[in-house]
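Encoded as structure tokens, the structure appears first; notes follow it.
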Amino acid sequence: MKQVIVGMATCGLSAGAQKVYEKFEEVIREKNLPVTLKETGCIGMCYREVLVELQDGDGQNYLYGEVTPERVGEIVESHLLQNKPLLPWVVRGPHPTEDDSFFVKQKRIVLRNCGHIDPNSIDASIHAGGYHALRKALLEYSPEKVIDEVTGSQLRGRGGAGFPTGVKWGFARRSAGDKKYVICNADEGDPGAFMDRSVLEGDPHSVIEGMIICGYAIGAKEGYIYVRAEYPKAIQRLRQAIAQAEERGFLGENILQTDFRFRIKIKEGAGAFVCGEETALIASIEGRRGNPRLRPPFPAVSGLWGKPTNINNVETFANIPWIILNGAEAFASLGTDDSKGTKVFALTGKIKRGGLVEVPMGITINEIIYDICSGMREGKQFKAVQMGGPSGGCIPALMGQIQIDYAQITKTGAIMGSGGMVVMDESTCMVDVAKFFLNFTQNESCGKCVFCRLGTKRMLEILERITEGKGKGSDLDLLEDLAQKVRETSLCGLGQTAPNPVLTTLRYFRQEYETHIFDRKCPAHVCSPLLTYTILPNCCTGCGRCAKSCPAQAISGERKEPHFIQPEQCVKCGRCFASCSFGAVFKD
Amino acid sequence: MVTLTIDGIQVTVPPGTMILEAAAKAGIKIPTLCNSKRLIPFGACRVCVVQQKGRRGLMPACFNPVRNGMEILTNTPDIIKARKIQLQLILISHPLDCPVCDAGGQCELQNLVYEYGVSENSFKGEKANLATDHVSPFIERNLNRCILCGMCVRICDEVVGANEISFLNRGFKMKIGTDFDRPMNCEFCGQCVSVCPVGALNDRMFLHKARPWDMKETQTICGYCGVGCTLTVGTKNGRILRVRGDESRGVNQGTLCVKGRFGWEYVHSPERLTSPLIKKDGSFVKATWEEAIGLVVKRLKEIKSEKGGSAIAGLCSPRLTNEELYSYQKLMRGVLGTNHIDHAGGYSYAAPLALRESLGYAASTNSINEIRKADVIIALRSDLSETHPVIKSEGVLAVKRRKAKLIVVNSRNIYLNKFSAFNLLVKPGSEVALINGMMQAILQEGLAKEEFVSSRTEGIEALKQSLKNYSPEKVEALTGVSRASFVEAARLFAKAVGGVILISTGQASEKKDRDLALAASNLTLLTGQIGKENAGIFILGEKNNSQGALDMGLTPGWLPGYANLGNPSERERFEKSWKLSIPEQEGMGALSILQAAEEGKIAGLYIAGENPLVAYPDSSRTKKALAAVDFLVVQDCFLSETASLAQVVLPAASFVEKDGTFTNADRRVQQVRPGLYPPGQARPDLWIFQQLSKSLGYKLNDPSAKAVMDEIKNLVPLYGGIDYARLDNPLGLQWPCSSADHPGTPFLYEKDFPAGKGKFIPVEFEEGPAETESPWFLITGPTMVHSGSLSLMSPGLTRLQGESYVQVHPEDARKLGLEDNQKVILRSKQGQITVKTLVSWNAAPGLLFVPCHFGQVGGNCLTGRDLTITKVQLEKV
Ligand SMILES: Cc1cc2nc3c(=O)[nH]c(=O)nc-3n(C[C@H](O)[C@H](O)[C@H](O)COP(=O)(O)O)c2cc1C
Ligand code: SF4
Ligand code: SF4
Ligand code: SF4
Ligand code: FES
């Protein structure tokens, strides 16, 4: 049976997968073809969306990239009807393609099923090995043995802090209590991160299975998945998957005929970044304002409704079934001394191939950027990578050789975080980057701690001042002082890490700051108030388009004569720069 | 124990102590802006940061527990720098309007800025610009000064349980507010004001009245209810300007209710009596003390000689001090020769007397602050948020902090249910059946504390016998409570480490109160929830000195200290000491006195502080009785409904204008200290009693309150060790305190009961007389905002609640087609009133509630003297 599988995760959908799907439906119906149409999750090649996998009569798989509704007819005609694959559009298939290098250095544990199976079907999941680990854990392992396995795998929490998962489960197991809870943290608030979303959309059953195993291990009978409400697709897939799992007896009473029971509820989060912090998240599930609270007591001792609670990230849970099935050693054999297994990264920015990758720990930044992502776009220079989202920091290109693991990344001043990687080239202003992230955290601070609430606001104001050319020589010291105090005296991770983008850019790109302050220049030409526009007389043809485009009437000149920009009147909007077809407007 | 050094000073503290407290112990003050010992550490302000030697970074002292061998530094340059930046950050948006801020001089922020010399700011920004709340009663909110310490939000949640204010918005835009930013509409206990470290939440009555250091502050005891909260009364130029609670004093530890904190205005009411009044030709004329005392003495002497002492009777209020109450009964018994004396209608102290019968002492068994440490609490017929708000807070603390289970037994859906694990909504008056049912379930399930029962109690067989009639099915039918819930409640109580029963007294019949207290006593004896800490029974008197009135013998049958009047040797002991003789025959109680008056048998009636016309049941009959008295003397702060019927009115001082002691609901004798002089010619009751005694021929050597207490001490063994020098401490002394070296007794019956064993006294549930014509049950009682007549003279309180109402359940309202705030007529056999409806889920279907304070339209116009169950008819106007 021939199959057409459309990648319908959020990334696919936003590239137009729905229309492509409908087009296939229409064409298949019209031509009455013996072809099944299915959907799947994200395979990671977001730079090639919309992706459509075609399984032809020979049992061969072809992955078409950049499919548009217009191309659907052609693909059907040529490949399905005439069995002639349209090789130029194939990004993965039986023949080598340029895109194969995207996968060579990846190692897929968490994403093992994403983009391969139909996330709407529990059978597809079971067929791919789903719930086998649950069976093994429940029927062959004692709860302690499960915890031993997880501990032995040296899996560290993928939600950001990297706490050893097995150890955490052990705490929750040892906490006395009549009721315990398992929470899956799917709040994924980092701007630019979409690992958890992809996993939930592409392989919800693995996460559910991981949670059930955790429930068994720590002695909990109830679980919550806290998903941000902005992930409607993930929520829908989860609801469906939970219902299916209940139907098959993987959730509910007497799971797999044992006396273990477990249920999962979904809680939609209101979307505040700080609600991803575990104590705030718990408060939010309880219906209280999502504010972090003091720890201890840790959730393992007193969490949801005051009961022992184990909270893990989506990716953490998705690793669990693999570990149970393949054994702790298999997992621990991957990675470095400090960090084992793999890590999923969401790559965005100026690289050629943006998307979702899963790599073994210990890979270098350069390998990810050059080998997997194929380097920078437009032949620009790699300048820095921001790891860990707003809580992370910028690692300069010079340090591209470092191996990715928790310890190494922390040493740079950034954090592993949940896996967002924003790759920047020479056209990025580092002060602007710091400002962007600080603006985010400043807005998302819950407002409790004085330094986080007020300190970040003032830091932001200083950065604004610097990017507007009003910076003072003393600003950098002030910034560092404040950053230090915000970091040291904030209660939760948000405040403690909020200064990281500023501190790392100051550490690696201090000169850029100084140029802003002392030379009143933005080397990357990003901070518009610091730019000067001049017309190069020898290039100017005097066509006058720039003068017409200028909203401030700052450009004057006779027709056919070189024009001239009145610096006092210029509002630095850059329209003249964009309007000149002769490259006569010079930006500095 | 954990030993650590702080700034080089070694301290040893229990594990779990926070560095902040350990430092305090070492005499080192670490600044804080968001910490209060009344609250759980929150960690918002971060000015409390300290450093640990050998560790990087700063850590907050308020929530980091001590560890052995820690070396803590509290004042390094790094810390000082952090604090300075902190303060600078706060000051950017702070208005710095200190000259017009009420907190000036006691503002934590101001103090720190001063201490750290933060005179310049490297940051700039806009000043906060939020509208000031000029509308909410009692509380002004000027959030521009708010430093977002969250203490108001937390106390309202953790201690009050009202959750009226919360954090709104996030990050830089965060502020404190109510939902939709409406004016506040809460209990107005002012706890939020009391914790606000700056001038963001202010006592509206105190606004711009004085600088804190310009006031004199007097520590005294609240004159409203039996909790006996310590008040810090701020006065200047002869006027109260502010009342607050001090967190280091008293059972309340800074917590007060709306009456205690804001209900003092009556003291300065223009209606206060400032001169004795004598009625001439039907209207009052001002008189001098000589004239008034002369007339009273002359008429009482006449009555005594013509008709004998027993034609004279006295009713006195449990609002007076112990010294006054004692002197009053001595005057009535010894000098005027009558035992017809009583207080509070005579029906409100049956519960403590019942405990005396079964356990030995007529009072609560344990200390109020133990309630918060209990793990199961039964609120038995006690609407605590209305009657004893500060006890409610103890319950809230237990429930919220210790996850205690609260079991509410009431015939209304009272507010307390917000915190309860069980809401046992009983048919009116069937509480005893419920408790009996619980005990039967405990016996059935073998949960009784056998060892305790066999070694420390007697009469278990009789109890078992009587409980046979209380099968779960039957109790379910009698009370209307599902057996599953009361049986589960019984199990919880029986298994509790500390089980507490709270009973508030007031408007109920003598018999019902007695039965209820005995049932409670049986339950605690059966489960061993007595004679230990964090357990026991609390009898919560309605008035500030309800306990003292009983202790001081203000009853027809008991002399001070529960000496039996019928016992000649006991009588003799007092007679000898007083050099007076006491009539032999037992006197009449309050309601009998009125009955006798109605029959013309009482010629002289001396009422001190009571307002029977409002506070006693069946107002119309009370009025008849008072009118039938030849010579009525009323002594009060105001010309009350009762006083207006008198021939002579004597102006009395209020509680802030006198000294003496009150005994609160946990047997705590506490000193009342004057902050003011009484207005005009008004005088403390003690002075008046002494003047009367003197004019009647009985002179005292030393008229001071202290001397009276010395006399009490000698005659009342429970008070044997109580003297003013010892009372000068933040917590008073709890009786029994038999001698000068006795430390007082926080909880009773630890080793034994006074009579050796605790007695089971079975009580049977009797259904009230079946009255069928009137369909509605009526419950009357106090409300949170008012207590008796005095609170009605405080304009602030009457603005919150100025008129009577009838509380109707929404379902009933729907059936009757009644709206909120609609006029209805309530009619009983005793009378009728026209009031407005208050439709509320706090009522129960079929049951109405009318507050008892409002004279002409209060609940007592409808109640009968038997005070069992009142039923009424309801008509729309
Ligand atoms: C401000 C803040 C936001 C966070 N957001 C998330 C999030 O979106 N998802 C997540 O898994 N963990 C988040 N965390 C981390 C959680 O607090 C917690 O450490 C994590 O869920 C534990 O799971 P793990 O052990 O599997 O990593 C956040 C932490 C902070 C301080
Ligand atoms: S650090 Fe920031 S986000 Fe975290 S609790 Fe404090 S104010 Fe809230
Ligand atoms: S109003 Fe006062 S108590 Fe409340 S948060 Fe602000 S400063 Fe703190
Ligand atoms: S009325 Fe009672 S609870 Fe209120 S302040 Fe006075 S003593 Fe305390
Ligand atoms: S007092 Fe410790 S953080 Fe405020």
**OP:** Give just the number: which of (1) buried (at least 20 other Cβ atoms within 10 Å of the Cβ); (2) touching a helix residue (DSSP H, G or I) at 6+ places or on another chain (Cβ under 6 Å); (3) modelled with pLDDT of 90 or more does A:Cys429 not satisfy?
**Re:** (2)
**OP:** Can you run down the residue pairs with Cβ atoms below 6 Å, 6 or more apart or on separate chains, where the first is in the stretch A:234-255 and more than 15 Å from A:Lys221 (Cβ to Cβ) and the partner is open to solvent by less than 80 Å² (accessible area, probe 1.4 Å) and of a type in the set (D, E, K, R)?
**Re:** A:Ala234/A:Arg197; A:Ala234/A:Glu201; A:Arg237/A:Glu201
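For (1) in contact (Cβ under 8 Å) with a residue 12 or more places away in the chain; (2) in contact with a His (Cβ under 7 Å, 6 or more places away or on another chain); (3) of a type in the set (Asp, Glu), each residue gets a yes or a no:
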{"site": "A:Lys107", "(1), (2), (3)": "yes, no, no"}
{"site": "A:His116", "(1), (2), (3)": "yes, no, no"}
{"site": "A:Pro119", "(1), (2), (3)": "yes, no, no"}
{"site": "A:Ala124", "(1), (2), (3)": "no, no, no"}
{"site": "A:Arg135", "(1), (2), (3)": "yes, no, no"}
{"site": "A:Leu138", "(1), (2), (3)": "yes, no, no"}
{"site": "A:Lys145", "(1), (2), (3)": "no, no, no"}
{"site": "A:Asp148", "(1), (2), (3)": "yes, no, yes"}
{"site": "A:Ser153", "(1), (2), (3)": "yes, no, no"}
**OP:** May I ask you to list pairs of residues, at least six apart or on different chains, whose Cβ atoms are under 7 Å apart, with the first in the stretch A:474-487 being at the interface with chain B (Cβ under 10 Å from one of its Cβ atoms) and the second being of a type in the set (Phe, Trp, Tyr)?
**Re:** A:Lys485/A:Phe451; A:Val486/A:Phe451
Subject >> Considering residues of the stretch A:312-327 that are of a type in the set (A, V, I, L, M) and open to solvent by less than 10 Å² (accessible area, probe 1.4 Å) only, the residue nearest to the other protein chains (Cβ to nearest Cβ) >> reply: A:Val314
**OP:** Tell me, yes or no, whether the stretch A:289-304 has at least one residue that is touching a helix residue (DSSP H, G or I) at 6+ places or on another chain (Cβ under 9 Å), assigned to a strand (DSSP E or B), of a type in the set (A, V, I, L, M, F, W, C) and in contact (Cβ under 8 Å) with a residue 60 or more places away in the chain.
**Re:** no
Subject >> Index of the failed condition, A:Ser284 passing every other in (1) open to solvent by 10 Å² or more (accessible area, probe 1.4 Å); (2) part of a loop (DSSP other than H, G, I, E, B); (3) within 14 Å of chain B (Cβ to nearest Cβ) >> reply: (2)
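Is it the case that the stretch A:426-435 has a residue that's of a type in the set (Lys, Arg), within 14 Å of another protein chain (Cβ to nearest Cβ) and more than 15 Å from A:Gly349 (Cα to Cα)?
Checked against the condition, which is being of a type in the set (Lys, Arg), within 14 Å of another protein chain (Cβ to nearest Cβ) and more than 15 Å from A:Gly349 (Cα to Cα), the stretch A:426-435 yields no hits at all.
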Original post:
Within the stretch A:450-473, how many residues are touching a Lys or Arg at 6+ places or on another chain (Cβ under 6 Å) and within 7 Å of another protein chain (Cβ to nearest Cβ)?
Top reply: 2
Subject >> Candidates B:Ala61, B:Ala44 - the one that is in the same structural domain as B:Val11 (by TED's automatic domain parsing), closer than 22 Å to B:Ile85 by Cα and within 14 Å of ligand 2 (Cβ to nearest atom) >> reply: B:Ala44
Subject >> Pick from the stretch A:553-572, criterion under 43 Å from the mean Cα position of the chain (by Cα) and surrounded by 15 or more Cβ atoms within 10 Å (Cβ to Cβ), ranking: modelled with the highest pLDDT >> reply: A:Cys570
Subject >> Spans of helices (runs of 4 or more DSSP H) in the stretch B:18-135 with at least 2 residues at pLDDT 90 or above and within 11 Å of chain A (Cβ to nearest Cβ) >> reply: B:77-93
**OP:** Might you let me know whether the stretch A:179-201 holds any residue that is surrounded by fewer than 17 Cβ atoms within 10 Å (Cβ to Cβ) and more than 25 Å from A:Gln18 (Cα to Cα)?
**Re:** yes
Original post:
B:Leu862 is checked against (1) open to solvent by 10 Å² or more (accessible area, probe 1.4 Å); (2) touching a strand residue (DSSP E or B) at 6+ places or on another chain (Cβ under 9 Å) and fails just one. What number does that condition carry?
Top reply: (1)
**OP:** List the number of the failed condition for A:Glu444; all other conditions in (1) away from every other protein chain (no Cβ under 14 Å); (2) buried (at least 19 other Cβ atoms within 10 Å of the Cβ) hold.
**Re:** (1)
Original post:
Just checking, which of B:Pro14, B:Pro77 is in contact with a strand residue (DSSP E or B) (Cβ under 9 Å, 6 or more places away or on another chain), away from ligand 2 (no atom under 16 Å from the Cβ) and open to solvent by 30 Å² or more (accessible area, probe 1.4 Å)?
Top reply: B:Pro14
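Per-residue answers, yes or no, for (1) modelled with pLDDT of 95 or more; (2) in contact with a helix residue (DSSP H, G or I) (Cβ under 8 Å, 6 or more places away or on another chain); (3) buried (at least 24 other Cβ atoms within 10 Å of the Cβ):
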position: A:Cys452; (1), (2), (3): no, yes, yes
position: A:Thr456; (1), (2), (3): no, yes, yes
position: A:Gly473; (1), (2), (3): no, yes, no
position: A:Asp477; (1), (2), (3): no, no, no
position: A:Asp481; (1), (2), (3): no, yes, no
position: A:Thr489; (1), (2), (3): no, yes, yes
position: A:Val502; (1), (2), (3): yes, yes, yes
position: A:Phe509; (1), (2), (3): yes, yes, no
**OP:** Determine if the stretch B:812-821 includes at least one residue that is under 24 Å from B:Ser789 (Cα atoms) and either without any contact (Cβ under 8 Å) to a residue 12 or more places away in the chain or open to solvent by 50 Å² or more (accessible area, probe 1.4 Å) (or both).
**Re:** yes
Original post:
Only one of (1) out of contact with any Pro (no Cβ under 9 Å at 6 or more places or on another chain); (2) surrounded by fewer than 22 Cβ atoms within 10 Å (Cβ to Cβ) is not met by B:Gln86, so which one is it?
Top reply: (2)
Original post:
Is there a residue being open to solvent by less than 30 Å² (accessible area, probe 1.4 Å) and within 16 Å of ligand 1 (Cβ to nearest atom) anywhere in the stretch B:31-43?
Top reply: yes
Original post:
B:Glu386: of a type in the set (D, E, K, R) and modelled with pLDDT of 95 or more, yes or no?
Top reply: no
Subject >> Number of the condition not met by A:Val357 [criteria: (1) open to solvent by 40 Å² or more (accessible area, probe 1.4 Å); (2) within 19 Å of A:Asp99 (Cβ to Cβ)] >> reply: (1)
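The rows are residues; the columns are (1) within 14 Å of another protein chain (Cβ to nearest Cβ); (2) more than 16 Å from ligand 1 (Cβ to nearest atom); (3) surrounded by fewer than 24 Cβ atoms within 10 Å (Cβ to Cβ); (4) in a helix (DSSP H, G or I).
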{"residue": "B:Thr338", "(1), (2), (3), (4)": "no, yes, no, no"}
{"residue": "B:Glu357", "(1), (2), (3), (4)": "no, yes, yes, yes"}
{"residue": "B:Glu394", "(1), (2), (3), (4)": "no, yes, no, yes"}
{"residue": "B:Val432", "(1), (2), (3), (4)": "no, yes, no, yes"}
{"residue": "B:Met439", "(1), (2), (3), (4)": "no, yes, no, yes"}
**OP:** Give me a count of the residues in the stretch B:327-336 that are over 25 Å from B:Val614 (Cα atoms) and in a helix (DSSP H, G or I).
**Re:** 6
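The values are calculated or read from the model by the stated rules, or taken from the named source; none is laboratory data. Bear in mind that the values here come from a model prediction, so they are computed numbers and not experimental data. Cβ coordinates were reconstructed from backbone atoms using ideal geometry, including for glycine residues, and neighbour counts include every protein chain displayed. When the accessible area is computed, the model is the full protein with side chains, heavy atoms only, and any ligands, DNA or RNA have been set aside. Shrake-Rupley method; radii C 1.70, N 1.55, O 1.52, S 1.80 Å.
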